[in-house]
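The values are calculated or read from the model by the stated rules, or taken from the named source; none is laboratory data. Model, not experiment: these values are computed from the prediction. Methodologically, a virtual Cβ is constructed for each residue, glycine included, from the backbone with ideal geometry; neighbour enumeration extends over all protein chains shown.
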Amino acid sequence: MNGNKRSPLLLLFALVAGLTIGGCKDQEQAARPAPGPVEVNVVTLEAQPVELFAELPGRTAAHRIAEVRPQVSGIVQKRLFTEGSEVAAGELLYQIDPALYQANFDSAKAALAKAEVIEQSARQKAERYRTLVRTKAVSEQEQIEVEAAWKQAQAEVAAANAALARARIDLDYTQVTAPISGRIGKSMVSEGSLVTAQQGMALAIIQQLDPIYVDVNQSSTELLRLKQELAAGQIAKDQHLRSEVSVILDDGSLYSHNGFLEFSDVSVDQSTGTVTLRAIVENPDQDLLPGMFVRARITKGTRPDAILVPAASVIRNSRGQATVLLVNTENQVESRIIEVEQNRGEQVLIGSGLAVGDKVIVAGIQKVKAGAQVTVVEMPAPGSDQATAPLATAGKTE
């Protein structure tokens, strides 16, 4: 009975204590001040000159290539070069057995001597008949026939001279020489091999590697856009009207020598929609070899009024569009869709969507949304001397 009487009293006491504690909490929450605007770091956009470039994949190609082939048939007697070495134009590479061609040369030389003797006799006879015909010692018909015989002898001398020249050329062709200077590859034949004139297989290949070509492909749309910007004066050309090219190797390092864009192809590849660009690059140490994969950074010119923003300030919306958050004159956050023209490491080049004087949020983006009231902390604009300084209190609140 005593336990049953105490139970209602205990319940009443617990209820009173709970109401008292709840009232205290409500008073504490009412006394706590409401949170203030979020602090964000912003940069005020400025126009500045920016050098534009295009970074395109490509492959290296030899500046000149010569396939060494025999001009006459015969047995290779000697190979006179070291595979993989540098050879000079005119340097002897192979010696083909010259015995047959030497005999042909000697025969042609003898035939020429014989023809010259006959021509000399015919000439003297013709001169004598010219004298005799005036005294009527010979008829005019005989004199005409002698003159014709002399002219025929002259023609035979000319033919013999041509045959000798041909025999000399064939004899010279038994010495296979380098048509250009460059680095020669492996030999496809060895001593004792039979080679034939104008054969399909090359004896060796010589490649000139200094300078060297870099062939890259650029979108025809981008090329057309570049021409339009040049015509409109949005991009300034250099004084030499040449595009400088820097080569980035496969490991990401920058090649020590630069080059220049030499030409662009006159037609568009229908399957890829690209145009081939060819740059010529110095290669004195021959670090670049034909067939290497590289990236070519081609300078397109200078845009005098470009706008750059930090890459960290650019976010993508649900549609994949690039956007930034701005702070308007009332210190409220706005979202704006932009066009990113080019990534430049920690910065991006803006094509459209932003203007000089806009305040772009660069830190504290994750703590705000469009319409929120914020407190701004000015940071150096991209490209200025202080732009690389660390962000101070980005996105922090006390």
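Identify the residue in region 131-168 that is in contact with an Asp or Glu (Cβ under 8 Å, 6 or more places away or on another chain) and of a type outside the set (Gly, Ala, Ser) and, among all such residues, is farthest from Ala113 (Cα to Cα).
Here the residue is Val133.
Hey, among Glu346, Glu341, which residue is charged (D, E, K, R) and over 17 Å from Val43 (Cα atoms)?
Glu341
For residues that are buried (at least 19 other Cβ atoms within 10 Å of the Cβ) and assigned to a strand (DSSP E or B), tally how many sit in region 302-325.
Number satisfying all stated conditions: 7.
A quick yes/no check of all residues on (1) surrounded by 17 or more Cβ atoms within 10 Å (Cβ to Cβ); (2) free of Cβ contacts under 8 Å to residues at least 40 places away in the same chain:
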position	(1), (2)
Asn161	no, no
Leu164	yes, no
Asp172	no, yes
Val176	yes, no
Arg183	yes, no
Met188	no, yes
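Please work out which residue is surrounded by the most Cβ atoms within 10 Å (Cβ to Cβ), limiting yourself to region 49-78 and to residues that are of a type in the set (Lys, Arg) and within 23 Å of Pro290 (Cβ to Cβ).
The qualifying residue surrounded by the most Cβ atoms within 10 Å (Cβ to Cβ) is Arg69.
Go through region 339-382 and tell me which strands (runs of 3 or more DSSP E), entirely inside it, have 3 or more residues that are within 19 Å of Arg316 (Cβ to Cβ) and out of contact with any His (no Cβ under 8 Å at 6 or more places or on another chain). Quick ask: steps written out before the conclusion?
Values: elements: 339-344, 347-352, 359-363, 374-379.
Those strands (runs of 3 or more DSSP E) span 339-344, 347-352, 359-363.
For region 330-353, state whether one or more residues are of a type in the set (S, T, N, Q) and buried (at least 16 other Cβ atoms within 10 Å of the Cβ).
Within region 330-353, one or more residues are of a type in the set (S, T, N, Q) and buried (at least 16 other Cβ atoms within 10 Å of the Cβ).
Inspect all residues belonging to region 205-217 and state whether any of them is surrounded by 13 or more Cβ atoms within 10 Å (Cβ to Cβ), at pLDDT below 85 and outside the structural domain of Ala113 (by TED's automatic domain parsing). Step through it out loud before you land on a result.
Our first condition is that a residue be surrounded by 13 or more Cβ atoms within 10 Å (Cβ to Cβ); within region 205-217, this holds for 205-217.
Narrowing the set further to residues that are at pLDDT below 85 leaves 217.
With the extra rule that they be outside the structural domain of Ala113 (by TED's automatic domain parsing), the set shrinks to 217.
Within region 205-217, one or more residues are surrounded by 13 or more Cβ atoms within 10 Å (Cβ to Cβ), at pLDDT below 85 and outside the structural domain of Ala113 (by TED's automatic domain parsing).
Name the pairs: first residue in region 91-108 and of a type in the set (A, V, I, L, M), second residue surrounded by fewer than 20 Cβ atoms within 10 Å (Cβ to Cβ) and part of a helix (DSSP H, G or I), Cβ to Cβ under 6 Å, at least 6 apart or on different chains?
Between residues of region 91-108 that are of a type in the set (A, V, I, L, M) and residues that are surrounded by fewer than 20 Cβ atoms within 10 Å (Cβ to Cβ) and part of a helix (DSSP H, G or I), the close pairs are Ala108/Ala163.
Take the residues of region 260-289 that are of a type outside the set (Gly, Ala, Ser) and in contact with a Gly (Cβ under 6 Å, 6 or more places away or on another chain): which is surrounded by the fewest Cβ atoms within 10 Å (Cβ to Cβ)?
Ile280
Hey, can you tell me all the residues within region 37-48 that are touching a Lys or Arg at 6+ places or on another chain (Cβ under 6 Å) and buried (at least 16 other Cβ atoms within 10 Å of the Cβ)?
Val38, Val42, listed by residue number.
Would you pick out the residues in region 263-281 that are in contact (Cβ under 8 Å) with a residue 40 or more places away in the chain and in a strand (DSSP E or B)?
Ser264, Thr274, Val275, Thr276, Leu277, Arg278, Ala279, Ile280, Val281
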